[in-house]
Structures are given as C-alpha cells and as structure tokens.
There are 2 protein chains.
Amino acid sequence: MTLPHPFDIATRLEALGDGRYRGATSPDYANMVGPFGGAVAAVMLRTPSIAPDRVGDPTALTVNFCGPIADGAFDVSARPVRTNRSNQHWSMELVQAGETAVTASALFTKRRETWSHTEARFPDVALASELERSGNAFRPPWAQRYDMRFAAGSMPSLKDEPPGVEPVSRVWLADDPPRPLDFISLAALCDAFFPRIFLRRPRWTPIGTVSFTVYFHATAASLEAQGERPVLGVAWASRFGNGIFDEHAEVWSDSRELLASAHQVVYFKE
Amino acid sequence: MTLPHPFDIATRLEALGDGRYRGATSPDYANMVGPFGGAVAAVMLRTPSIAPDRVGDPTALTVNFCGPIADGAFDVSARPVRTNRSNQHWSMELVQAGETAVTASALFTKRRETWSHTEARFPDVALASELERSGNAFRPPWAQRYDMRFAAGSMPSLKDEPPGVEPVSRVWLADDPPRPLDFISLAALCDAFFPRIFLRRPRWTPIGTVSFTVYFHATAASLEAQGERPVLGVAWASRFGNGIFDEHAEVWSDSRELLASAHQVVYFKE
C-alpha cells in the first residue's frame, strides 16, 4: 500500500455532511506561523471539487485570509451559491475556534473547445534539468515540499546591497516528493513564490497574504499531460506602499501552455 | 440645488437596516443586456463603504457575477466577516427575484505610511488633451458615461483584417459628466475596457464578466488630488480558450501613481 502524498494529507477533508468538512493543518506544510497559504487555498478549493453535485472544473478562486490559523483542526463549509447550465459559483468559509479565519469563492466552468490564443509569452529560460535546486534548508517546512530551480530572481542574500536588480522571478517548481499535477496542487503552487518585498528590500519583514486569486486556464487533460514534471512559475510585483504590496504570477506547463495566473495582496509590517 | 451625478444615482443604496440595502439599475449605465458590470462592482463596494462600523479604505474587492441582473430593483446584504485592528473583511450578496445574482468580498485596510516603491511602469503615452475622444455612439449607454481617449489599442473596426496588432490598450478615462474620483468610481473604471477578445478576433461575440478583482493601491488623499482629471487605463489579456479569457488592467493617476490594478475572467460564446 502506498502512503498518501504529504500534500493530500495536508489538504484532506472529512465530510460531515450538508456541505461541512473537517480538516487539519499538517507540519509538512507549516509556515513561519500557521500553515502555508497555498495549502489553505488548496483546502478551500477541495471542498467544491469533491462535492457530488459539482459542475465543471475550477476557473477562478479567491481566498481571503481574515485571521490567523492555529496548528490543528478546522471546519470548512461550502455551498453552491448558483448553478447554471455551464458554470457554478461556490462560497466557502473556514472556521476555527468559533472564528471565521478564511472566506473564499470559486467559479467552476465546463470546459468546451473554442478558438484559443495565448497573449502572454513563455519566458526565455534554461531547462529545469540545467539548473541547480535551491537550498531551502533555512526556509519554513512548506518550502522543502517544493523542488525550486531559479532561472532568475532567486531569494537574495540578506547581505546583498544594493537590492536585487532582477525583480521578476522565473522558477521551475515541482512537488517534493513528486506528485501528478491537479487543480488542487496548482492552486497551492500559485502561492509558492517568496514574498516580492524581499527582492526589492532584502531584510527581514513580517508579511502575510490577505487576499489571493487564481485563474485556471488549464483543462484536466492538460494537467494530466503535465504529470509530475516541473512547471515554470513567473512572479512579479506592481506596487509596494501603505503597508501592502501585490504579487502577480503565471504558471506554465513545460510544453508552454499557460496553466494559471494568480494575484495577491500582501500585508507587510515595518 | 445640484442634481446627483448619474453614477451616484446608479449606485445609490437605501439602507433597510441590519446590513441590508435596496438599489436599482440605472438606464445611464445600461449594458447590452442588464447593467454595466463596473456599476455593479461599485454598488457592491458601496455597502461596506457606507457602513458606520467600517475600518479603513478598500484594498481588495472580488465580485462574482453568478447570474443575469434584470433592469430594476435589487437587494444587497453586507456583513463584516472579521474585524481586526488594522483591517476588515466583508462579504456581500446581491439578490434579485429571490435568486443570488452577485457575490462579493472586500478587504478594507487602514492606510499607514511605509516604505514604498512602484515596480510597474507608467507607459509612454500622449497627454489626454492631445488625443481625440473616442466615438462611443454605437456602444451601450454606460460607454457614453466615460470620456475615452485611446493612445493605443482602441476598438478595432469589424472590417479590420488582420486583427489588431496592438493587443494592449492605453486609454485616458474620465467620468462624463466629470465627477471627482473616489474608491467607488475607481472600481467601476477598472471594468471600463472593451472586451479583449474584440482586439484579437474582431467580430461580434457575446461575452460576460464572471469574476472580477480589484486591488486598490491609492489612498483617499491621492484620489482627492486626482479630482475630475482623466486617469490612464492600461489593459491586456493573457489567454483565450475553452470559452474563457482573462483581462488585466492598471489605472494610473496623471501624476503617474498606480491607483489600482484589476483582473477578471470573462465568458465568451462561439
């Protein structure tokens, strides 16, 4: 018997009936404080994904991190807000110790073949196999769960002055241990970039994602074709200020298909 | 006595108490079918904005268009999901004829002066005063409510072959009649770009925004300083396919401050 993958343990949900589920944080995906936000986003997306009355596949996901999540159990509720012929809207909420810690919404759509065109450009990067794996030993546990190979914009040393000159990260990412890509793990991967503020201002800063949105362009078939091989992540910021910054990301298959784009606002302390 | 601005009429809400409000669509902001999505987003954002217990200013807004909105009255409910020391999370819902037509979430944060840096670049464009106003006479009513001056990527003629070579729109936008900029009108402006698919495939296609997210970088003071003068909008797409495309946008002040960025997924029919 094969043991479940650590990611599937971290995002496991026990159905309590009536759209309610029980889950728990996992030490494998722990962050500095509480769980890795990407694993939380994956948990939120899993609830409609496993619902028997679900229509289609994920197209949009927004996760709002309303308060801290402590290590341990939590409850998630999910309700289909509206079911249309070719799409479905969901609202989800994560409660721990009687307080709402996370709210989320998801749009599922039936994929159908149409005219297609990709406007974004796959960047000019070395192959994953030609790059060295990033040493994440001094980073929180969740970062060890990803094989990261930076073609550009890696985490600067805290001694670097002046701050990084390449503000866009281009990094090959894969689950460690390897795991076939699906929508749930793609949602988590979209949050697997280190905070953009560390590139522009390489010094210790407490940060936390407050709102996170993923758009899924992939089909289930394209994720299956990707399998366990590394995907290419590209991440950048637009503006830092007033205690907030944003992060934008693209995740590409190794056959140059744009699988997802992601956006988030992050709180930072000074 | 000055009459209210058409935008304030279109986004007017009557408080029914207990976080419930009554509003109505306005013919001034009508779209092909139902109301302009930007006006709906503005209505959703207005509910927490006018709540007496509101903390801070808008930082993130996500609006999910779950079903059609008919011309006429609707009800909006808004509840503060969680109030922290420096931020507040809200959930909103718009119901019409007993059905949920829109769900939304908003993050409000107290602005505080911190280190700041803008990574995005203000594009090289002509001044609004040097450009001709776009003739929107054949577009839906809401488009007449904006003074649009394209520096690049204007709506192609349906006779254009091959399709537009400039896939990024750069357009000066202002309310018509003029109105001082605020967070509510900024939310609507973030949706005032014509559908990206018309640039790449200039033929009639039924489309509809399904999920829309705005990140507000501006402070109330920077919006006040902008006043009624045109803002610069930049809009582009990443990928079209499977009946869906995305749109990304930036809105800049004329003093080159990034006021907001916005993201949406749009359904299209073939």
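The values are calculated or read from the model by the stated rules, or taken from the named source; none is laboratory data. Predicted model, so just to flag it, every value in this text is computed and none were measured. Virtual Cβ from ideal backbone geometry, glycine too; neighbours counted across all protein chains shown.
Worth pointing out:
- Applying the criterion of at least 1 residues that are of a type in the set (F, W, Y) to the strands (runs of 3 or more DSSP E) found wholly in the stretch A:1-80 leaves A:20-24, A:57-65.
- Unmet criterion (only one of (1) more than 8 Å from every other protein chain (Cβ to nearest Cβ); (2) surrounded by fewer than 23 Cβ atoms within 10 Å (Cβ to Cβ); (3) not in a loop (DSSP other than H, G, I, E, B)) for B:D254: (3)
- Checklist (1) touching a strand residue (DSSP E or B) at 6+ places or on another chain (Cβ under 6 Å); (2) modelled with pLDDT of 95 or more; (3) among the acidic types (D, E) applied to A:E166, failing item: (2)
- Positions within the stretch A:224-270 being in contact with a strand residue (DSSP E or B) (Cβ under 6 Å, 6 or more places away or on another chain) and without any contact (Cβ under 8 Å) to a residue 12 or more places away in the chain, in sequence order: A:S238, A:R239
- Of the residues making up the stretch A:166-205, those that are within 21 Å of A:E228 (Cα to Cα), part of a loop (DSSP other than H, G, I, E, B) and among the hydrophobic types (A, V, I, L, M, F, W, C) are A:L181, A:C190, A:A192, A:F193.
- Test for A:A24: is it among the hydrophobic types (A, V, I, L, M, F, W, C), at pLDDT 95 or above and either within 19 Å of A:F108 (Cβ to Cβ) or surrounded by fewer than 24 Cβ atoms within 10 Å (Cβ to Cβ) (or both): yes
- Summed over the stretch B:118-139, the residues that are surrounded by 15 or more Cβ atoms within 10 Å (Cβ to Cβ) and either within 29 Å of A:I244 (Cα to Cα) or at pLDDT below 95 (or both) give a count of 8.
- Selection from the stretch A:190-207 of residues that are farther than 16 Å from B:S116 by Cβ and surrounded by 19 or more Cβ atoms within 10 Å (Cβ to Cβ): A:C190, A:D191, A:A192, A:F193, A:F194
- Residue count for the stretch A:75-133, restricted to those that are more than 12 Å from chain B (Cβ to nearest Cβ), touching a residue at least 60 places away in the same chain (Cβ under 8 Å) and farther than 14 Å from A:M44 by Cβ: 3.
- Taken as a whole, the stretch A:110-117 holds no residue that is modelled with pLDDT of 95 or more, of a type in the set (S, T, Y) and in a strand (DSSP E or B).
Listed here are the residues, each with its yes/no results for (1) crowded, with 22+ Cβ neighbours inside 10 Å; (2) in contact with a helix residue (DSSP H, G or I) (Cβ under 6 Å, 6 or more places away or on another chain).
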| residue | (1), (2) |
| --- | --- |
| B:H5 | no, no |
| B:T11 | yes, yes |
| B:E14 | no, no |
| B:R20 | no, no |
| B:G37 | yes, no |
| B:S49 | no, no |
| B:P52 | no, no |
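- Residues in the stretch A:81-98 that are over 18 Å from the mean Cα position of the chain (by Cα) and either among the charged types (D, E, K, R) or not in a strand (DSSP E or B) (or both): 6 in all.
- Tallying residues that are under 20 Å from A:R149 (Cα atoms), in contact with a strand residue (DSSP E or B) (Cβ under 7 Å, 6 or more places away or on another chain) and more than 9 Å from chain B (Cβ to nearest Cβ) within the stretch A:194-208 yields 1.
- Per the listing B:Q88, B:Q144, B:Q96, the residue uniquely touching a strand residue (DSSP E or B) at 6+ places or on another chain (Cβ under 9 Å) and closer than 29 Å to B:G72 by Cβ is B:Q96.
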